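Everything on this sheet refers to the single structure shown next.
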């Protein structure tokens, strides 16, 4: 029993010794390793003069510039359909004939009513002429005192009544003529002719099908005639980009069905009315329709093909530029207050209105990090237009100045003013080996 105590004491000494050694190592690491400055590995590139073209991208469909949707103005069955979808037609060519029997009957009825009204007018005219002659005779007798006042007044009343009937019958003839004209027009509408030279691009109806005229809502769509010699892309542009587009802007259109081929085009129309989808929801999107006329055509182009358009809204030549990823946002560096002698102002000095203004919270600014003597330097910049790769620098940098272009994580989060950096890759110029 007496020998076990010294062994336990020896073990305690060893354990406490190990713990103390670990604590010592931790303290040494904190003291000598805590002040170790981290060095961020970056890639750099030189500021260069480049040509930059700002592009707005949008998607849409290919459509003919000129197309007409034909709908009947009368209701009837299709009795003649001499064309098929895809046929080329000429202006004035018969496309569809509707069953005319009902409208022929209406025309004949209107013609008969007109003839009857004209015959009645002749009777009214004869009666009027007779009563006019009787009135003149009574007037002559009245002057000779051979007719009484009562006879004269009766003759006048008869004549005026006949005259009114005659004028009313003339109005009946005008009404009958108008009815006949309407019947003729309805009959003429049973034959539908092509309004233009073009191609039948849509034909959803068939022979013997009954179609509704436009007096019933919109009417049945009979067919679409389009001029495929002039085509355009109709694309939807976001409300933030529509203000950048102008009439006459050049564009490049890629059509899904034509791989690796781009069609030159120009902006011909910019919509004024917004097209809103998902109204009132989180997915609400506001677009505007832009029409882009294709300058180059392919005979295999078809209406409804999907397309992507890149609209070139602005081009600037030989402007200072840097990679887009080089530009990030940071809070502006604090400005040092100096007294008249150039020394830092004492904290007990009176605070001016300018000091209070400078102490107000500021918004983030666009910055680029340059490299100077192994350190990152934050430079506030003013940017202009951009393309897919580069962005214009209007103020803040000089040509051939070395800026940090990557990695993205370092630029967006890690880099700060005066942080040490090591350049692992440099683009845009050869390394200086001197």
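Only one of these conditions is not met by residue 213: (1) at pLDDT below 95; (2) outside the structural domain of residue 81 (by TED's automatic domain parsing). Which number is it?
(2)
Hey, among 50, 38, which residue is modelled with pLDDT of 65 or more, in a loop (DSSP other than H, G, I, E, B) and within 27 Å of residue 370 (Cα to Cα)? Let's see the steps before the verdict.
Numbers: 50 fails: in a loop (DSSP other than H, G, I, E, B).
Being modelled with pLDDT of 65 or more, in a loop (DSSP other than H, G, I, E, B) and within 27 Å of residue 370 (Cα to Cα) holds for just one of 50, 38, which is 38.
Picking from 160, 247, which residue would you name as being within 24 Å of the chain's Cα centre (by Cα) and over 29 Å from residue 70 (Cβ atoms)?
Numbers: 160 fails: within 24 Å of the chain's Cα centre (by Cα).
Testing whether each residue is within 24 Å of the chain's Cα centre (by Cα) and over 29 Å from residue 70 (Cβ atoms) leaves just 247.
Name the one entry in 154, 147, 176 that is part of a helix (DSSP H, G or I), free of Cβ contacts under 8 Å to residues at least 60 places away in the same chain and surrounded by 12 or more Cβ atoms within 10 Å (Cβ to Cβ).
Numbers: 147 fails: part of a helix (DSSP H, G or I); 176 fails: free of Cβ contacts under 8 Å to residues at least 60 places away in the same chain.
The unique qualifying residue is 154.
Just to verify a result, which residue in region 81-99, among those that are exposed (fewer than 15 other Cβ atoms within 10 Å of the Cβ) and assigned to a strand (DSSP E or B), is farthest from the chain's Cα centre (by Cα)?
94
State all residues of region 247-257 that are touching a strand residue (DSSP E or B) at 6+ places or on another chain (Cβ under 7 Å) and in a loop (DSSP other than H, G, I, E, B); if no residue qualifies, say none. Reasoning before the result, please.
Our first condition is that a residue be touching a strand residue (DSSP E or B) at 6+ places or on another chain (Cβ under 7 Å); within region 247-257, this holds for 247-256.
247, 248, 249, 256, listed by residue number.
Of the conditions (1) in contact (Cβ under 8 Å) with a residue 40 or more places away in the chain; (2) surrounded by 14 or more Cβ atoms within 10 Å (Cβ to Cβ), residue 191 fails just one. Which one is it?
Just one mismatch for residue 191, condition (2).
Suppose we filter 385, 391 for residues that are touching a helix residue (DSSP H, G or I) at 6+ places or on another chain (Cβ under 7 Å), in a strand (DSSP E or B), surrounded by 13 or more Cβ atoms within 10 Å (Cβ to Cβ) and modelled with pLDDT of 90 or more; which single one remains? Step through it out loud before you land on a result.
Numbers: 385 fails: touching a helix residue (DSSP H, G or I) at 6+ places or on another chain (Cβ under 7 Å).
Only one candidate passes the filter, namely 391.
Return a yes/no flag: does region 271-288 have any residue that is at pLDDT 90 or above, under 29 Å from residue 86 (Cα atoms) and within 17 Å of the chain's Cα centre (by Cα).
No, the conditions are met nowhere in region 271-288.
Among the strands (runs of 3 or more DSSP E) lying completely within region 258-328, list those that include at least 3 residues that are free of Cβ contacts under 8 Å to residues at least 40 places away in the same chain and closer than 25 Å to residue 68 by Cα. Spell out the reasoning first.
Numbers: elements: 262-277, 285-294, 306-323.
Qualifying strands (runs of 3 or more DSSP E): 262-277.
Taking residue 404 as the residue in question, decide whether it is touching a helix residue (DSSP H, G or I) at 6+ places or on another chain (Cβ under 9 Å), at pLDDT 90 or above and surrounded by 12 or more Cβ atoms within 10 Å (Cβ to Cβ).
Details: touching a helix residue (DSSP H, G or I) at 6+ places or on another chain (Cβ under 9 Å): yes; at pLDDT 90 or above: yes; surrounded by 12 or more Cβ atoms within 10 Å (Cβ to Cβ): yes.
So residue 404 fits the description; yes.
The values are calculated or read from the model by the stated rules, or taken from the named source; none is laboratory data. Please read all numbers here as calculations on a predicted model, not as lab measurements. Here the Cβ is made from the backbone with ideal geometry for all residues, glycine too, and neighbour counts use every protein chain on show.
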